[in-house]
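Take a look at the structure below.
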Amino acid sequence: MCGLPTETDEDVLEIAEMAHDVIRAGRKAAGSNDVRCTVSIGGFVPKPHTPFQWAAQCDAETVDRRLKLLRDAINSDRKLGRAIGYRYHDGRPSIVEGLLSRGDRRVGAVIRRVWTDGGRFDGWREYFSYERWEQAAGKVLPDFGVSLAWYSTRERGEQEVLPWDHLDSGLDKEWLWADWQDALDESELDDCRWTPCYDCGVCPGMGTEIQIGPTGRALLPVVSVTS
């Protein structure tokens, strides 16, 4: 992912270093240079019912600039870079995804306008037109007093009523906000299967329990059995 909250250029460039390390390790283990890996990356889109539902989505220009920096960093060492594939989705489609992800009923008018203007099969790159979505949003949303940026690159406040607040995902909104603050502070949380409960609301809300093995050691949800 590219465009995460608190992300820096240096964070993204570490992906190139990791890819180089993968090739080095693969060649050492295989005893051959015939080793490849692929870096697949796209712009981060905040989603409802997650700690990032309040986050400002990164603008497309910043995402595209960082993706170019990453590509250049991967290819900076040709002996390693030629063994690394690079697949990416530029920042503009992610802005439309952000509009649809966190939009309310007013976005329905934008979707209809895009359809009226000829939008079809927009999930396929060859048919997608960012300009059509941008123009449709520019024609429709001002009548509601909002804009494309209002839905995408704007950070929400704690007390803002979100379009999906009436839906229960099992996670307490207060807990999600606290987790969002921890994310901004870059504070890590341990896996709740190995530590005391964080009281996120899922277990009692969904009638589930954390599974504990006979030794008292927490087990993963799926345990592989080898013969």
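The values are calculated or read from the model by the stated rules, or taken from the named source; none is laboratory data. These numbers come from a predicted model, not from an experiment. Note that we place each Cβ from the backbone using ideal geometry, even for glycine, and neighbour counts take in every protein chain shown. Quick note on the areas: whole protein, heavy atoms, side chains included, nothing else; ligands and nucleic acids left out. Shrake-Rupley method; radii C 1.70, N 1.55, O 1.52, S 1.80 Å.
Scanning the chain for GluC sites (Glu not before Pro) in DSSP loops with at most 16 other Cβ atoms within 10 Å, what's the longest stretch left with none? If you can, show how the numbers build up before the last one.
Numbers: sites that count: Glu7, Glu126, Glu155, Glu158, Glu160, Glu186, Glu188, Glu209.
The reported range is 8-125.
In straight-distance terms, cross-link reach from Lys173 covers every one of the aspartates and glutamates whose alpha-carbon lies under 15 Å from its own, apart from those fewer than eight places away in the same chain; here that gives Glu158, Glu160, Asp165, Asp182, Asp199. Accessible area of Thr116 (1.4 Å probe, protein heavy atoms only, ligands and nucleic acids ignored): about 90 Å². In segment 117-177, the C-alpha radius of gyration followed by the widest Cα-Cα span (Dmax) gives 15.9, 42 angstrom.
How much of the accessible area of the chain, probe 1.4 Å, is carbon plus sulfur, in whole percent?
On the way: 7610 of 14390 Å².
Carbon and sulfur atoms account for 53 percent of the accessible area of the chain.
Averaged per residue, the chain has 63 square angstrom of accessible surface, using a 1.4 angstrom probe with ligands and nucleic acids left out. The tail of the calculated P(r) for the chain, taken as Cα-Cα distances beyond 32 Å, holds 40 percent of the pairs. Fraction of C-alpha pairs exceeding 12 angstrom in segment 9-62: 74 percent, rounded to a whole number.
Could you calculate the FRET efficiency of Val161 with Ala56 from 1/(1 + (r/R0)^6), where r is the beta carbon distance between them and R0 is 25 Å, rounded to 0.05? With a Förster radius of 25 Å, E is 0.90.
Roughly how many Å² of Tyr88 are accessible to a 1.4 Å probe, to the nearest 10? Answer for Tyr88: close to 100 Å² accessible.
Given a cut-off of under 8 Å on Cα pairs at least six residues apart, what relative contact order in percent is computed for segment 1-94? Please report the intermediate quantities before stating the final value.
Values: 120 pairs, mean separation 38.5, N = 94.
Result for segment 1-94 is 41 percent.
Going 7 Å from the Cα of Glu14 toward and past its Cβ, which residues in segment 179-194 have a backbone nitrogen under 16 Å from where you end up? Output list for this probe position: 183-189. Over the residues of the chain, the helix contribution to mean residue ellipticity at 222 nm works out to -12500 deg cm²/dmol, using -39500 (n - 2.57) for each DSSP H run of at least 4.
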